[in-house]
Structures are given as C-alpha cells and as structure tokens.
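Accompanying notes for the structure given below.
Values quoted throughout were computed directly from the atomic coordinates according to the rules given, and no laboratory measurement underlies them. Just so you know, these numbers come straight off a predicted model, no measurement behind them. Using ideal geometry, Cβ is built from the backbone for each residue, glycine included, and neighbour counts are taken over all protein chains shown.
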Amino acid sequence: MEPILVSPVLESLQAGVLRITLNRPEKLNAFNPGVHQGLAAAMARAESESAIRCLLITGAGRGFCAGQDLTERDMKAAAIDLGTGLEAWYNPLVKRMRALPKPIVCAVNGVAAGAGANFALACDIVLAARSASFIQAFVKIGLVPDCGGSYFLPRLAGMQRAMALAMTGGRLSAEDAERWGLIWKCVDDAQLQSEAEKLAIALAAGPTRSIGFIKNAMYASANNTLAEQLDLERDLQREVGKGEDYREGVAAFLEKRAPAFSGK
Ligand code: T3D
C-alpha cells in the first residue's frame, strides 16, 4: 500500500489571512527539510499574492516547535558543519519574515524550544497559550542560540534576562514571557486560536501598506539614530500618503463610518 503522505506544513487562506500550521505533532513540530521547504513555499506565496494580507503561524498538536530535529544530523560523521543548515534554511527564513511587508501573527500553542522559540520571536506579534513555554535549549546540547535568538532576546528582554535564558537553557512560562516583553499576550489555552485569528483577520482588513511600513520603521529603529529614524519616518509617510488607504481612512473618519481599506 502507498504510504499516506502528510504535509509537514499546512496552509489555508481565508479572509486575507494565510494560516500556516507546522504539522509534525509527534515530533513537537521540530524542523526538518520538509518543514523548511514548506515554510519557504509559504513565504514565497505570502510575498507574491496580494490577496494575502496577514500571516498566522501556529503548531499542530501539543507543541509549537521543538527546534531542529535532532535525529536528522549524522552524528557519526567525522566533521559536522551546522553553519550549512543555518545558511540554507534558518537565516533566509528569518530574513524573509522580517522583510515581508505584511504582519505575521504567531500563536504559540505549546512548548517552543531552540530554533522553535526564536522562530516565534521572529514573528511580529506573538500570542501564547498559558500552558506554553519558551526554552533556549541550545546550551543543553552544547550549541549557541540561532534563528535570530541572540538578536531578538537582548532587544526584547534586556541583556541580563537574555543572557540567563541562553546560558541556562531554562524554561520560561508564557506568563513570564509576557511580563518580560518577549511576547504580546498570554491567553487561556482555549482562547488562543480564536484570539489569534481575530487579531489576524483585523490586521488583514487593515491598511496593509501602512502596516508594512510600520513594521519597517519599528525594526529599523533598532539600528538607527534618532535623526536617521526621523528621516525614515518622513520617507515612509511621504510614500504611504500617496496610497488609497490614506484617502479612505480620512474620508471614513470625516463621514463617520468604518473604513474599507483595500491594502493599496
Ligand atoms: O542542527 C542544526 O541545524 C543546528 C541548529 C540547531 C537549532 C536548534 O533548534 S538546536 C535545539 C534543538 N531542540 C532541542 O534541543 C529541544 C529538544 N526537545 C526537548 O528538549 C523536549 O522535547 C521539549 C522540552 C521541547 C519538550 O519536552 P516534553 O517532555 O514535553 O516532550 P518529549 O517527550 O521530550 O518529546 C515528544 C516527542 O518529540 C519525543 O518523541 P518520542 O520519544 O515520543 O518518539 C521527542 O523525542 C520528540 N522531540 C522533541 N524534540 C525533538 C524531538 N525529536 C527530534 N528533535 C527534536 N528537537
């Protein structure tokens, strides 16, 4: 009998939201080549289809993502070059997520460990179930944080907390992750998917160019001086002010009605 092929990444598009589900629940959705290929395909779709105005990323089963699948590497090999996998998959993925001029919502439904934790932090707005947790598991196996962890953690949580998380590989609860500013919101498990969906649908109905420019400005601020940031704001405002959504937003305000943004 033919084996039943189950896609390691599921996609569905509804109301402008591309829902992307990591789908290896028996391995807590650990990254393997199939997951990387699926995510690369979903990103390509998000980049090219104008009907997609928001991404929503989550995991199937009880975990969000346990990071790199540790059974995939040939531990008997004389030399192992882990940089190859980062160059081929993880680094392009994080760069594409940050460069995508559309919002990415993450619904962390369970444990997020190693590259899985930092993949979540690479998203723009992160919600987590109360039972979820974040683990910088790298040190437990003699590695260093990757998938952007050493960039995101100090910026989100501050150097002391980032350092301790990375050096100990300790588990951070979703509630503490919210308290520390690592994520936007921790919600009851039963509410996670509906809350995340509500947010994603609202963002997808928003002024997409404006939201893309907001993303650009916020992330650029990490490396800009105030003067550079003011210049960037001027340039972005100039550009977004030429769009349909600005006219629609102002017209809707003046006419005391809800705006109908086209994303243009
Ligand atoms: O190689 C490179 O490219 C370098 C890049 C590295 C990036 C990284 O992400 S390094 C970090 C890799 N991840 C980890 O070290 C985490 C390993 N997993 C865990 O520590 C634990 O599984 C968790 C703390 C995440 C969850 O614990 P728990 O008790 O809730 O679940 P479990 O029983 O450990 O896991 C359930 C199953 O998933 C289990 O399979 P089994 O025994 O039922 O058949 C377990 O082996 C599997 N699983 C969990 N994580 C991974 C995994 N299988 C492969 N790779 C994993 N990362």
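Some values worked out for this structure:
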read-out: Highest-first arrangement of 251-263, 144-156, where packing means the average Cβ count within 10 Å; value: 144-156, 251-263
read-out: Placed amide H near CYS54: partners under 5 Å, 5+ positions off or other chain; value: LEU18
read-out: Estimated translational D of the chain in µm²/s (Stokes, Kirkwood radius over Cα pairs; 4 °C; 1.567 mPa s); value: 67
read-out: Surrounding net charge for GLY243, when Lys and Arg each add one and Asp and Glu each subtract one, Cβ distance under 13 Å; value: +1
read-out: Gained length - LYS264 relative to GLN191, 0.36 nm times residue gap less alpha-carbon distance; value: 23.1 nm
read-out: Region 39-159: C-alpha pair distances exceeding 16 Å, %; value: 64
read-out: Those trypsin sites (Lys or Arg not before Pro) in region 1-102 that DSSP places in a loop and that have at most 10 other beta carbons within 10 Å; value: LYS76
read-out: Most mobile listed residue (LEU236, LEU55, LEU39) in the chain, GNM with C-alpha springs under 10 Å; value: LEU236
read-out: Average projected area [Cα convex hull, region 208-254], square nanometres; value: 3.4
read-out: Relative contact order [Cα under 8 Å, 6+ residues apart], the chain, whole percent; value: 17
read-out: 222 nm mean residue ellipticity, helices alone, for the chain (DSSP H n ≥ 4; -39,500 (n - 2.57); rounded to 500); value: -12500 deg cm²/dmol
read-out: Residue-wise HN-Hα coupling along region 243-258, computed from phi with Karplus coefficients 6.51, -1.76, 1.60 (Hz; x: Gly, Pro); value: x, 5, 5, 5, 4, 5, x, 5, 4, 5, 4, 5, 8, 6, 9, 6
